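Notes to accompany the following structure.
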């Protein structure tokens, strides 16, 4: 029987992280299991920095609280860690064995890894080194394989939808084209669902390289009907059919998906103004999407994820990812989550080996958007 477990939250923050922590801690305590938290994700694991979690003190009052009480890191790959040697030169080392030793010395029977694609890739890699891991899919991008909905996604879509509602009034008042750039990395879930919910005129997503002329055509159709304004939603990972991703910055992080996206909204606004003659402006929603209070749906979903994760640990089921499919909680092997990205410490993210969950063309959201006249740029 397990007696002592630890939680780490890694990658970008997401509404509902604290609710997952709370659920794991409460379920652990109910079954006589001690619970701890590593500070700042895999960074804390490497530095052996952890605290005791208790539902009567630091793990209390968390349901409505955004962020994560144990911090997070999105720039730490302990399997390929950036170090400065004695000569002042940069070199990359595999420090994962140090992490395994910290886990063993502390007597942790299981590590709960709360994170997205990259976090679960490292979780799977640790499982190959004998560590009992249970992953919980966390990302507002909703792109983790084998699960229908990740916690934080519903809140992000709600925030984006409210932004679209607000942009509509300005667009209509000033007869402008207003573009909203939302997060999502290489998957268009936030852009597509918020566009449907907010009544946007076009939604541009990474899965469908767009033809700018198709967007212009949609705008002109609206103008012909006397609607002299349009609202366009674009995912940060959208790209034109004859171009590439717009990259804001390329970070020096070997072993990580080191591309920082951003700027496609500005490009769209510029191109649309030139082609239509209408004043066009862009709004980047940014970190507002993943900060603050989680929605009621995400609070419940996060709690279900946390409870299921602890139940799996109590049952001795390890090296799996907790899933939510068809309205039911379940689990799949971390190997299935990783897909073909098998090499330990290898780059996670937008590679052909990665197993990111993207929108397929037969998805009902695509069909719904087309049926109500939303232009998808194709």
Among the residues listed as 265, 326, 286, 349, the single one being touching a residue at least 12 places away in the same chain (Cβ under 8 Å), surrounded by fewer than 15 Cβ atoms within 10 Å (Cβ to Cβ) and either outside the structural domain of residue 215 (by TED's automatic domain parsing) or touching a strand residue (DSSP E or B) at 6+ places or on another chain (Cβ under 8 Å) (or both): 326
Which listed residue is more than 22 Å from residue 368 (Cα to Cα) and assigned to a loop (DSSP other than H, G, I, E, B), from 145, 200: 145
Residue in the stretch 205-223 that is outside any helix (DSSP H, G or I), in the same structural domain as residue 261 (by TED's automatic domain parsing) and touching a helix residue (DSSP H, G or I) at 6+ places or on another chain (Cβ under 6 Å) present: yes
Every residue from the stretch 131-142 that is farther than 23 Å from residue 351 by Cβ, in a loop (DSSP other than H, G, I, E, B) and in contact with a helix residue (DSSP H, G or I) (Cβ under 7 Å, 6 or more places away or on another chain): 131
Positions within the stretch 224-239 being buried (at least 24 other Cβ atoms within 10 Å of the Cβ) and in a loop (DSSP other than H, G, I, E, B), in sequence order: 236, 237, 238
Selection from the stretch 49-85 of residues that are free of Cβ contacts under 8 Å to residues at least 40 places away in the same chain, touching a strand residue (DSSP E or B) at 6+ places or on another chain (Cβ under 9 Å), within 26 Å of residue 33 (Cα to Cα) and in a loop (DSSP other than H, G, I, E, B): 49, 54, 55, 58, 59
Residue 316 being touching a helix residue (DSSP H, G or I) at 6+ places or on another chain (Cβ under 7 Å) and part of a loop (DSSP other than H, G, I, E, B): no
Which listed residue, of 219, 164, is modelled with pLDDT of 95 or more, over 25 Å from the mean Cα position of the chain (by Cα) and over 30 Å from residue 348 (Cα atoms): 219
Answer residue from the stretch 111-121, given it is under 17 Å from residue 68 (Cβ atoms) and touching a helix residue (DSSP H, G or I) at 6+ places or on another chain (Cβ under 8 Å) and is surrounded by the most Cβ atoms within 10 Å (Cβ to Cβ) among those: 114
Of the criteria (1) over 19 Å from the mean Cα position of the chain (by Cα); (2) outside any loop (DSSP other than H, G, I, E, B), which one residue 345 fails: (2)
Qualifying residue in the stretch 64-77 (condition: farther than 30 Å from residue 286 by Cβ, assigned by TED's automatic domain parsing to the domain that holds residue 323 and either touching a helix residue (DSSP H, G or I) at 6+ places or on another chain (Cβ under 6 Å) or surrounded by fewer than 18 Cβ atoms within 10 Å (Cβ to Cβ) (or both)): no
Some residue of the stretch 175-198 being in contact (Cβ under 8 Å) with a residue 40 or more places away in the chain, out of contact with any strand residue (DSSP E or B) (no Cβ under 9 Å at 6 or more places or on another chain), closer than 28 Å to residue 303 by Cα and surrounded by fewer than 22 Cβ atoms within 10 Å (Cβ to Cβ): yes
Criterion (under 30 Å from residue 328 (Cβ atoms) and modelled with pLDDT under 95) met by exactly one of 316, 292: 292
Qualifying residue in the stretch 102-110 (condition: assigned by TED's automatic domain parsing to the domain that holds residue 332, at pLDDT below 95 and touching a helix residue (DSSP H, G or I) at 6+ places or on another chain (Cβ under 6 Å)): no
Counted residues, the stretch 332-341 - those being in a strand (DSSP E or B) and either without any contact (Cβ under 8 Å) to a residue 60 or more places away in the chain or outside the structural domain of residue 146 (by TED's automatic domain parsing) (or both): 1
Neighbours by Cβ (under 7 Å, 6+ apart or cross-chain): first from the stretch 90-103, more than 15 Å from residue 124 (Cα to Cα); second part of a helix (DSSP H, G or I): 95/46; 98/46; 102/45
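The values are calculated or read from the model by the stated rules, or taken from the named source; none is laboratory data. Since this is a predicted model, take the numbers as computed values, not measurements. Heads up, the Cβs are rebuilt from the backbone with ideal geometry, glycines too, and the neighbour counts pull from every protein chain shown.
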